[in-house]
Amino acid sequence: MNPYKSGKPLTSEQLQALEATYTWQRIVALRLNPVVGNFDAAHLKEINRRIFQDLPSLGFVDAMPGVFRPTVAPGKDWIKSRHLESIGITSNVAYSSMDKAAQVRLNEVLEGANLTELSSLETNQFTQAIGRLYVEVDYIHPFADGNSRTLREFTRQLAEASGYILDWGQFGSSSVGRDVLYIARDLSVNQLALPNIQNLATKRDVMLSVDQLGGNRDLPDLLRDAVRLL
């Protein structure tokens, strides 16, 4: 049943729960029936499409499953802010403008997802490689929404195909674990973002977050806790 047909507007909490329910079901389905592909941009798009495919019919008019986001206008930045529940501060993180250069860079980064090479790496080397790939794609941030879920599933499948388990789930059991992951990701992404930020206000907000969160582990280092041989 589509809850939007009930005639009663849903609260933001209800909308969030609805979206989470449908996307989680699709993620579970992906575990049972993974995307078959070459770990390229088309592979990434198909994972995003499958996870978020139900949202347009549920009334999420801004949802664009499997479609890259538009290029940011000149002089503007793509920035997001998230509240870190366990420490009570806001993390600001900037992403690429998703212009032609960013799309070319995405293809170059994903060309590095070579299964033969990744499978030959020792655990520490593999962890660094998959962490760097995640950070690069996360900075490019190809989709308007759902990048984290898409990229976690993409890298989980890539790790499995390379003979490793990448257990993202261990970070989701508490607000502390989630914030540890957010901080590691945001610090790593902002290192790539800072040289390319267009707006002074964006740079100020990002620098504030870098200063507040500095000294924490970056993502490749954090993933040492989540990667093991299959």
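Out of the residues in the range 173-183 meeting the condition of being assigned to a helix (DSSP H, G or I) and among the small types (Gly, Ala, Ser), tell me which one is nearest to residue 86 (Cα to Cα).
That would be 175.
Could you list, in sequence order, all residues of the range 158-191 that are over 15 Å from residue 214 (Cα atoms), in contact with a helix residue (DSSP H, G or I) (Cβ under 8 Å, 6 or more places away or on another chain) and in contact (Cβ under 8 Å) with a residue 24 or more places away in the chain?
158, 159, 161, 162, 163, 164, 165, 166, 168, 170, 171, 178
Residues that are over 18 Å from the mean Cα position of the chain (by Cα) and crowded, with 18+ Cβ neighbours inside 10 Å: find the helices (runs of 4 or more DSSP H) completely inside the range 14-133 holding 1 or more of those.
115-119
Residue by residue through the range 184-228, note down the ones that are more than 19 Å from residue 74 (Cα to Cα) and outside any helix (DSSP H, G or I).
The answer is 214, 215, 216, 217, 218, 226, 227, 228.
Which members of the range 101-120 meet the condition of being within 20 Å of residue 221 (Cα to Cα) and touching a residue at least 24 places away in the same chain (Cβ under 8 Å)?
109, 113, 118, 119
Would you confirm whether or not the range 164-185 contains a residue that is surrounded by 14 or more Cβ atoms within 10 Å (Cβ to Cβ), over 25 Å from residue 23 (Cα atoms) and among the small types (Gly, Ala, Ser)?
The answer is no; no qualifying residue exists.
List the pairs whose first member sits in the range 18-34 and is without any contact (Cβ under 8 Å) to a residue 40 or more places away in the chain, whose second member is of a type outside the set (Lys, Arg), and whose Cβ atoms are under 8 Å apart, counting only residues at least 6 apart or on separate chains?
From the range 18-34, the pairs are 22/54; 22/55; 22/58; 26/51; 26/52; 26/53; 26/54.
Looking only at the range 143-183, filter to residues that are among the acidic types (Asp, Glu) and under 12 Å from the mean Cα position of the chain (by Cα); which one of those is nearest to residue 72 (Cα to Cα)?
First, pick out the residues of the range 143-183 that are among the acidic types (Asp, Glu): 145, 153, 160, 167, 179.
Among the residues that remain, those that are also under 12 Å from the mean Cα position of the chain (by Cα) are: 145, 153.
Details: 145: 14, 153: 26 Å.
Here the residue is 145.
No lab work stands behind these numbers, since they all come straight from the coordinates. Since the structure is predicted, the reported quantities are computational estimates derived from the model, not experimental observations. Every residue, glycine as well, gets a Cβ built from its backbone with ideal geometry; the counts of neighbours run over all protein chains shown.
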